[in-house]
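Contents: one structure, followed by commentary.
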Amino acid sequence: MRTSVKMTKIRAIYKKEMMDLIRDKKTLILMLVVPLVIYPLIMMGSLLMGSAIASSLQSDEYQITVVDDKAQKGVNGYDGDALRALLADTEDDLEYHLIIKEISPESCKEALSTEEIDAYIEVEMQKTKDGRKNVFTIHYLSSKTTSSTAANMIEDKLEYYREQLSRQLLTELGLEPELLMKPVTISRSDSSANEERVGSILGTILPFLMISSILLGAFYPAVDTTAGEKERGTLETLLTLPVGNDELIIGKFLAVSTVAVASAVLNLVSMLFMSIYFYAVMQSDDAQTLQVELTDFIPALLIVVLCTIAFALFISAVTMCVTTFAKSFKEANNYATPLMLVVMFASFVAFVPNIEFTAMLAAVPIVNISILISDILVFEYNFSIIMIVLVTNMVYAALAILLLIRLYNSEDLMFGEEGTSIQIFAGRGTLKYGGVPTLSDAVLVLATALLLLLYVGTIVQARFLLWGLLITQLFIIGVPLLASWYTKKDMKETFSLHAPKPVWVLGAVFAEIGCYLIVILLSTLLSSLFEQDVQAVNDTMNYILDGSNFAQALLIIALAPAVCEEALFRGYFLAAAKKRLRPAAAILISGAVFGIYHLSVVKFFTTGLLGILFCYVVYRTGSIFLTALMHFLNNAVAVVVMFYPETMEQMLPFLFGESYSAASMGVIALAGSVCLAGGLWLLNLKPLRGK
Amino acid sequence: MIKADNLIKTFARTEKKNKRVEFNAVDGISIEAVDGEILGVLGPNGAGKTTLLRMLGKLMSPTEGSVIITDGNGRELTQEIEIKQSIGYLSGNTKLYKRFSAREMLLLLGEIYGMTKLEAGNRIEEIVRILDLGAFVDNRIERLSTGQSQRVSIARCLLHSPQVYIFDEPTLGLDIISSRAIIDFMKQEKEQGKTVLYSTHYMEEAEFLCDRIVMIYQGHVIAKGTPEELREQTQTTNLRDTFLKLIEEETQGGLS
């Protein structure tokens with residue numbers, strides 16, 4: 001047995017990998033293209049666009065008309081000529097001009113619609129109970145940018161005109177206008193330092209760009225050194241060499257991270273130049289002078305560099321773990337796509353405004369680096385949190401490397417010749433009809449459905465309440481259906497669509513009643529432990545049910561899950577799990593997944609238990625119709641209880657107990673167990689007649 | 001010397017109806033090849049030759065059984081690194097790093113074998129002479145012909161002067177000139193007291209090259225001995241017929 005890892009071997013492997021990588025131009029291109037080409041393009045583009053919009057808005061002249069023949073001169077000091085002079089005044093330093101065009105009042109409307117003029121002011125005299133008053137109406141087209149801009153300009157000037165008139169009137173009355181019009185002064189002071197303001201602009205976009213770019217930089221070499229080695233057939237050559245797996249992996253990992261770190265540093269340098277450029281542009285523009293000293297950014301930048309390097313190590317290790325499962329570049333791309341999505345998604349967190357950077361968040365990979373970069377750019381750094389980010393990234397990288405060393409020990413992975421296990425990303429034409437999904441597919445389908453549930457589901461539920469719940473259920477069934485259609489699976493096997501024996505139906509009903517009783521006991525016990533959790537679940541339910549009727553609730557809360565959730569959990573997922581795993585493991589895992597799906601601590605146990613029972617029933621009978629019935633009954637009881645609590649309390653008082661005496665608990669437990677056992681016995685009965 | 005004792009390798013395979021079936025690709029094989037000997041490992045496709053050779057070369061670990069390898073002085077090697085250091089392994093799956101030239105690749109591999117730059121450089125010069133690689137040693141491997149790159153593969157095995165060679169179908173798909181060069185090389189190494197394990201489907205080649213032959217079928221050894229002994233045993237005149245007859249007997253024996 002070897003005891004030590006030899007540096008010389010690692011160095012030799014590293015050298016070989018580096019030379020191999022550099023020989024391939026794709027590595028260099030991917031490493032350089034984002035920092036050196038894409039960034040400048042994006043930055044230039046946004047600068048140009050910004051200035052183009054600004055100049056097109058500000059340097060224009062706007063044609064306007066004043067229609068004031070219905071106005072009364074002299075009322076409250078109104079004077080049409082004075083107004084015109086003010087509007088057309090070019091003495092102020094504004095970069096736009098209003099040009100007064102005299103058009104007959106009747107043709108103004110038409111002139112506006114043909115864009116001969118951009119806007120017109122109609123002045124009318126109105127009688128109010130306090131006397132007479134001139135009313136100004138600005139006519140414009142909100143659909144035309146120039147017209148609405150002109151309207152805004154006019155409004156500004158009219159405000160000013162009104163103020164002038166007020167002053168004039170007050171002075172005529174012998175009063176002090178300044179005192180009356182502005183008894184208090186309101187002003188706003190932005191306390192963020194100028195550095196912070198620049199930083200926050202960069203901080204929103206920089207983490208995302210940088211994380212994506214490092215990922216891109218690490219991705220190609222990671223594939224090249226793992227899946228690429230398999231594809232080119234050199235892996236076996238490598239395994240003949242006198243090096244240990246640890247030395248091999250560390251050498252490869254160092255090579256990949258060298259490229260990733262180089263890509264990160266290039267990114268930072270490119271960013272820095274862009275910032276300097278921005279700084280110069282802003283300095284020369286005297287409209288928005290920023291008192292930012294570039295040197296103030298240096299400590300922040302140093303921290304960013306350190307964290308970025310740690311992150312590059314982490315992302316290299318993770319990418320290598322993923323690509324090791326692949327046997328070719330194409331397959332590696334398939335495996336890496338979900339990884340990319342996760343990483344990009346997590347890096348978006350920095351866009352969430354005012355997110356608090358807690359120690360907990362600092363330990364979440366990817367998210368931590370994203371928030372850190374964005375925080376550092378607004379000069380909010382807390383060294384203990386930075387240490388957490390640095391250390392956790394290092395630890396995660398180390399764990400990933402350990403995992404990778406284990407993967408490289410697996411002969412299945414090294415020599416295995418079975419086809420891709422994730423079929424969802426394979427070309428549809430290459431797949432054969434029949435069979436059930438692979439476990440990898442099932443995990444992916446489950447993850448997709450859960451992500452949809454989390455992100456889209458919560459939004460539609462908040463927006464459409466009960467109907468949002470139905471949409472969520474459609475996602476739950478839609479994803480596995482789509483996946484099994486795409487991968488050409490045997491629908492009958494995948495979704496266990498076998499007709500049940502009549503006696504099984506009876507058994508299912510009994511088992512469900514028994515399980516329901518046990519779940520009631522369990523949830524009573526758990527509720528006292530997790531009160532808040534129960535309260536939160538109930539609140540959500542009441543909110544969603546608000547304003548719906550019994551039939552709707554029955555349809556959406558009882559029937560829809562009985563179909564949709566069964567299809568995903570007892571259909572697609574269980575079919576894949578029982579193919580790959582031992583029966584007990586398949587049933588327990590599928591049940592637990594169903595529990596997790598309910599996103600509540602108490603419900604994890606109760607629905608987890610139900611899930612295990614349902615999985616057992618489908619495993620035993622091959623019929624999902626039984627569990628659909630059980631699921632429907634289970635949820636229907638809850639709906640009935642919600643809508644008719646009084647009737648139900650009279651009929652089944654034990655459903656409503658806040659707490660139970662030991663005796664009644666014993667009775668419920670006994671009744672539940674008897675029903676469950678009886679139900680399971682019926683389910684185990686051999687069919688009455690042969691097949 | 002290389003010696004395998006009762007080697008078993010079990011693989012799991014997913015068959016129809018989603019059943020995981022375990023089967024032994026190598027099912028209790030014991031073989032021994034001594035210094036200065038060429039041992040031929042023959043058998044039809046799927047007999048378990050490649051798995052056997054991978055286990056002998058320490059690329060795979062056996063499910064059961066053990067492999068013993070000694071250096072030129074008869075000392076048993078115990079550490080995996082030491083063992084790999086004294087094996088030259090070549091198969092259809094050990095491809096070359098085609099982005100490098102042969103010289104560059106050999107230099108890098110030399111470093112991994114723990115040679116200094118000078119040692120590796122001298123050794124490469126020597127190998128270039130032995131295998132006559134001079135014309136293409138500095139060309140990128142991706143531009144070499146099949147025969148040329150197979151000779152570079154041999155050079156790779158030779159680089160660290162191993163005691164034991166394991167060659168899985170080294171002459172597959174080569175023209176007469178290239179395979180001649182490889183066969184000559186194996187003879188030379190044998191004469192220098194090295195151990196050569198060699199599998200092939202070319203029976204004529206095996207017949208005149210091998211000192212002894214082990215015949216493998218369905219993970220078992222079905223016959224072993226010198227080519228003459230095997231011919232006598234089966235009363236055939238050439239190894240091709242010997243091979244066919246042995247397989248035939250085995251198939252019928254399995255049926256009865």
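Things to note:
- Any hit, region B:15-31, residues being at the interface with chain A (Cβ under 8 Å from one of its Cβ atoms), surrounded by fewer than 22 Cβ atoms within 10 Å (Cβ to Cβ) and touching a residue at least 40 places away in the same chain (Cβ under 8 Å): no
- The single condition among (1) without any contact (Cβ under 8 Å) to a residue 40 or more places away in the chain; (2) buried (at least 22 other Cβ atoms within 10 Å of the Cβ); (3) farther than 22 Å from B:Glu169 by Cα that B:Leu109 does not satisfy is (1).
- Residue count, region A:224-238 (criterion: hydroxyl-bearing (Ser, Thr, Tyr) and either free of Cβ contacts under 8 Å to residues at least 12 places away in the same chain or within 9 Å of another protein chain (Cβ to nearest Cβ) (or both)): 2
- Annotation: of all residues in region B:75-92 being more than 29 Å from B:Gly147 (Cα to Cα), of a type outside the set (Lys, Arg) and open to solvent by 50 Å² or more (accessible area, probe 1.4 Å), the one that is farthest from the other protein chains (Cβ to nearest Cβ) is B:Glu76.
- Search result, residues across region B:135-157 that are touching a Ser or Thr at 6+ places or on another chain (Cβ under 9 Å) and among the polar types (S, T, N, Q): B:Asn139, B:Ser145, B:Thr146, B:Gln148, B:Gln150, B:Ser153
- Failed condition for B:Leu131, given (1) open to solvent by less than 30 Å² (accessible area, probe 1.4 Å); (2) within 8 Å of chain A (Cβ to nearest Cβ); (3) modelled with pLDDT under 90: (2)
- The set of residues in region A:239-262 being among the hydrophobic types (A, V, I, L, M, F, W, C), in contact with a Ser or Thr (Cβ under 9 Å, 6 or more places away or on another chain) and facing chain B (nearest Cβ under 10 Å) consists of A:Leu239 alone.
- Of the residues making up region B:112-128, just one is surrounded by 13 or more Cβ atoms within 10 Å (Cβ to Cβ) and basic (Lys, Arg), namely B:Arg123.
Table: residues versus (1) at pLDDT 70 or above; (2) of a type in the set (Gly, Ala, Ser); (3) not in a loop (DSSP other than H, G, I, E, B).
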{"site": "A:Asn393", "(1), (2), (3)": "yes, no, yes"}
{"site": "A:Ala397", "(1), (2), (3)": "yes, yes, yes"}
{"site": "A:Leu403", "(1), (2), (3)": "yes, no, yes"}
{"site": "A:Ala426", "(1), (2), (3)": "no, yes, no"}
{"site": "A:Leu450", "(1), (2), (3)": "yes, no, yes"}
{"site": "A:Val456", "(1), (2), (3)": "yes, no, yes"}
{"site": "A:Val460", "(1), (2), (3)": "yes, no, yes"}
{"site": "A:Ile471", "(1), (2), (3)": "yes, no, yes"}
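- When residues of region A:131-189 are limited to those that are of a type in the set (A, V, I, L, M) and open to solvent by 70 Å² or more (accessible area, probe 1.4 Å), the one nearest to the chain's Cα centre (by Cα): A:Ile186
- Among the candidates A:Thr65, A:Thr90, A:Thr114, A:Thr27, residue that is modelled with pLDDT under 80 and either more than 14 Å from every other protein chain (Cβ to nearest Cβ) or within 30 Å of A:Arg132 (Cα to Cα) (or both): A:Thr90
A quick yes/no check of all residues on (1) closer than 15 Å to B:Thr94 by Cα; (2) out of contact with any strand residue (DSSP E or B) (no Cβ under 7 Å at 6 or more places or on another chain):
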site: B:Thr146; (1), (2): yes, yes
site: B:Val152; (1), (2): yes, yes
site: B:Ile176; (1), (2): no, yes
site: B:Ile183; (1), (2): no, yes
site: B:Lys190; (1), (2): no, no
site: B:Glu205; (1), (2): no, yes
site: B:Val214; (1), (2): no, no
site: B:Val221; (1), (2): no, no
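- Considering residues of region A:68-87 that are in a strand (DSSP E or B) and surrounded by 13 or more Cβ atoms within 10 Å (Cβ to Cβ) only, the residue modelled with the highest pLDDT: A:Asp68
- The one condition in (1) at pLDDT 85 or above; (2) open to solvent by 30 Å² or more (accessible area, probe 1.4 Å); (3) in contact with an Asp or Glu (Cβ under 8 Å, 6 or more places away or on another chain) that A:Phe329 fails to fulfil: (1)
- For region B:47-72, a residue qualifies if it is out of contact with any Ser or Thr (no Cβ under 9 Å at 6 or more places or on another chain), surrounded by fewer than 17 Cβ atoms within 10 Å (Cβ to Cβ) and within 14 Å of chain A (Cβ to nearest Cβ), and exactly one does: B:Ser61.
- Among residues of region A:484-505 that are at positive phi, those with a Cβ under 7 angstrom from a residue that is assigned to a loop (DSSP other than H, G, I, E, B), sequence gap 6+ or separate chain, pair up as A:Lys488/A:Leu431; A:Lys488/A:Lys432; A:Lys488/A:Tyr433; A:Ser496/A:Gly622.
- Restricting B:Lys9, B:Lys98 to those that are at the interface with chain A (Cβ under 9 Å from one of its Cβ atoms), under 24 Å from B:Glu169 (Cα atoms) and either over 14 Å from the mean Cα position of the chain (by Cα) or modelled with pLDDT under 90 (or both) reduces the list to B:Lys98.
- Test: B:Ile216 is of a type in the set (Val, Ile, Thr) and modelled with pLDDT of 90 or more: yes
The values are calculated or read from the model by the stated rules, or taken from the named source; none is laboratory data. Because the structure is a prediction, the values reported are computed rather than measured. For neighbour counting, all protein chains shown are included, and Cβ atoms are generated from backbone atoms with ideal geometry for every residue, glycine included. Surface areas here come from the heavy atoms of the whole protein model, side chains and all, with no ligands, DNA or RNA. Shrake-Rupley method; radii C 1.70, N 1.55, O 1.52, S 1.80 Å.
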